[in-house]
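The values are calculated or read from the model by the stated rules, or taken from the named source; none is laboratory data. The model shown is predicted, which means the values in this text are computed figures rather than measured ones. Don't worry about glycine lacking a Cβ; one is built from the backbone with ideal geometry, like all the others, and counts go over all protein chains shown.
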Amino acid sequence: MSKPQNISVNSRAGVLVDRLVAECDRLRVIPSKGSRGETLIDAGAAAKGGLDAGLIIAEICLGGLGNVSLTPYAGTPKWPFHLTVRTSDPVIACLGSQYAGWSLSHGDFFALGSGPGRALACKEELYHDLHYKDEADRATLVLEGDKPPPVEIVDKVAHDCGVSPDRLTFIYAPTRSLAGNVQVVSRVLEVALHKVHELKFPLANVLDGVASAPMSPPHPDFITAMGRTNDAIIYGGVAHLFVTGPTDAARELAKALPSTNSRDYGRPFAEIFKAFNFDFYKIDPMLFSPAVALVTAVDSGETFRAGQVSQELLDVSFG
């Protein structure tokens, strides 16, 4: 998968970052400057944040290559509003930018960096398959947490991204916050693309994508909040991919994509997490996928469907 180098996810996302800062009062976020001159945007720790902030942050995560909106959805009547994500460049938007794949740690600080800054540093093996590296003079990372990074992380990220610290932005919001909740559930299409990659389906054959998942209610307890955002995708997410290539390959992809194929499917995620002693790596990776997959083979016009939404498990999880 390649992308013209004049398409910069950091430059495109930067427009949205500037909007987040300019409208900080309305969006209830708190921008500030760190000791290295970096921009820090609290969207849900000390700041109240909100749904609108979460929608903008989700689009920042997508590198400005996708749209995220709240839309009504009749398929989950008790939870009637879904976060809907669409992009005409799902591989770069979701895997090249949005995916939370950059591990950042120093002392007692740990966070997974997501967003367009990853495509400047290209520290992950994933980029060998994407064949994409951004070129920009500014960088943005989104962190799922309640505090900004220490100066050591700021220096590392600035160095690895090849930008000066004053051209670096960190946006942070914990999962328990409204904005944090929205930006995590808005990963429903990214989760589908990540599984496409894990299944060895050719990324170059993925043309377009749209997905939705119910907006889960946030919760002050981290494990509960994290469980709900995962359940929104695993038990309520619906993804529709449009692909080229053999029709049989599209059929097999649709069959393999849904979370219903996982050995760990069938319990709220918080319960599964506790059962594995809070170790993500012990959970079947095939669980991390939408509940329903539709794959359209554009060359033949055929569409294949698999999986099912579990209203029962959504109700148990969401309360």
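Can residue 97 be described as in contact with a helix residue (DSSP H, G or I) (Cβ under 8 Å, 6 or more places away or on another chain), within 20 Å of residue 147 (Cα to Cα) and polar (S, T, N, Q)?
The answer is no for residue 97.
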(message) touching a Phe, Trp or Tyr at 6+ places or on another chain (Cβ under 7 Å), surrounded by fewer than 24 Cβ atoms within 10 Å (Cβ to Cβ) and within 30 Å of residue 291 (Cβ to Cβ): which single residue out of 70, 55 fits that description?
(response) 70
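Test of understanding: among 114, 35, which residue is assigned by TED's automatic domain parsing to the domain that holds residue 156 and either buried (at least 23 other Cβ atoms within 10 Å of the Cβ) or in contact with a Pro (Cβ under 8 Å, 6 or more places away or on another chain) (or both)?
When all the criteria are applied, what remains is 114.
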(request) Please verify whether segment 192-207 includes one or more residues that are buried (at least 21 other Cβ atoms within 10 Å of the Cβ), in a strand (DSSP E or B) and in the same structural domain as residue 38 (by TED's automatic domain parsing). (result) no
(request) Mind listing just one residue for me: the one in segment 245-265 that is in a loop (DSSP other than H, G, I, E, B) and exposed (fewer than 15 other Cβ atoms within 10 Å of the Cβ) and, of those, farthest from the chain's Cα centre (by Cα)? (result) 246
(request) Taking the residues in segment 19-47 that are free of Cβ contacts under 8 Å to residues at least 60 places away in the same chain, in contact with a helix residue (DSSP H, G or I) (Cβ under 8 Å, 6 or more places away or on another chain) and not aliphatic (A, V, I, L, M) as candidates, determine which candidate is nearest to residue 152 (Cα to Cα). (result) 31
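Report yes if some residue within segment 155-175 is farther than 27 Å from residue 17 by Cα, among the hydroxyl-bearing types (Ser, Thr, Tyr), buried (at least 23 other Cβ atoms within 10 Å of the Cβ) and out of contact with any Phe, Trp or Tyr (no Cβ under 7 Å at 6 or more places or on another chain); otherwise report no.
no
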